[in-house]
């Protein structure tokens, strides 16, 4: 079967091909051979009209590597005939990025019409790691102004990090209304999470990487420098985040006004999953650990043995 945009067919031939299912009518004057899948149609339309860019949910699906669905969301400076296969909007923005061979409207504009949850996912994906900061700056510079909806999503997203633990902590701190930045250079070192308004710098260390001697030594000098130039420095492990995320977020958020009566300031051997000993067996009860021994059943009453006569005194 032929492929692509239909050209050079008479109206009668088109009508016949459409009835046979060999051709699909997209819009007035726009036909394609067969019935292409969403991603295939997106590529065909962009080949046919180079000014077209993906936007909205279609842009999000491409950027996240998810399946593209109908109707396609398209944008351009020119007009497009109406169709049930796509929704087209006219924009004056010509800035775009390319992903998997697809032209996508500047993400800061493309995401303004999607749900906050989806937009945040996209921003956390394309602006992850240290390279994400430069990428975001270039997208900002291409616009006169960032749409309000997109700016709000950026403020809620955990940017410039590809660490799952850092993302969880940054999101939790942002939900508390704190200004949070990730991968920020302070002095000579880069810190995972920073609360610039409180001058709090946070490191979240993975055991495998930070237990190596070079990293272990560098971490100490890094922490000392941060403290000496006036920052309040805090350090956690990935294990802390995995098992005690709420404690980590609360301690960071209140770092400048700590409540030392809270549980997480107490001896961690009483509560931290990473240092708690295994629970003792009933016969290993330890009063120090605070475990109560189970109530064991009373032994049954056995009958007393009968009285036997004393053995005779036999000569040796």
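Here are some notes:
- The residues listed here are 34, 21; of these, the one that is at positive phi and under 39 Å from the mean Cα position of the chain (by Cα) is 34.
- When the stretch 237-277 is filtered for residues that are free of Cβ contacts under 8 Å to residues at least 40 places away in the same chain, outside any helix (DSSP H, G or I) and under 14 Å from residue 202 (Cα atoms), the ones remaining, listed by number, are 237, 254.
So that you can scan it fast, the table gives a plain yes or no per residue for (1) outside the structural domain of residue 175 (by TED's automatic domain parsing); (2) assigned to a loop (DSSP other than H, G, I, E, B); (3) free of Cβ contacts under 8 Å to residues at least 12 places away in the same chain; (4) surrounded by fewer than 16 Cβ atoms within 10 Å (Cβ to Cβ):
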position	(1), (2), (3), (4)
191	no, no, no, no
198	no, yes, no, no
201	no, no, no, no
214	no, no, yes, yes
217	no, no, yes, yes
224	no, no, yes, yes
227	no, no, yes, yes
233	no, no, no, no
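- Tally, over the stretch 246-264, of residues that are modelled with pLDDT of 90 or more and surrounded by fewer than 16 Cβ atoms within 10 Å (Cβ to Cβ): 9
- Residue in the stretch 17-37 that is closer than 24 Å to residue 90 by Cα and assigned to a helix (DSSP H, G or I) present: no
The values are calculated or read from the model by the stated rules, or taken from the named source; none is laboratory data. Not measured: the values here are computed from a predicted model. Quick reminder, even Gly has a Cβ in these numbers, built from the backbone with ideal geometry, and neighbours come from all protein chains shown.
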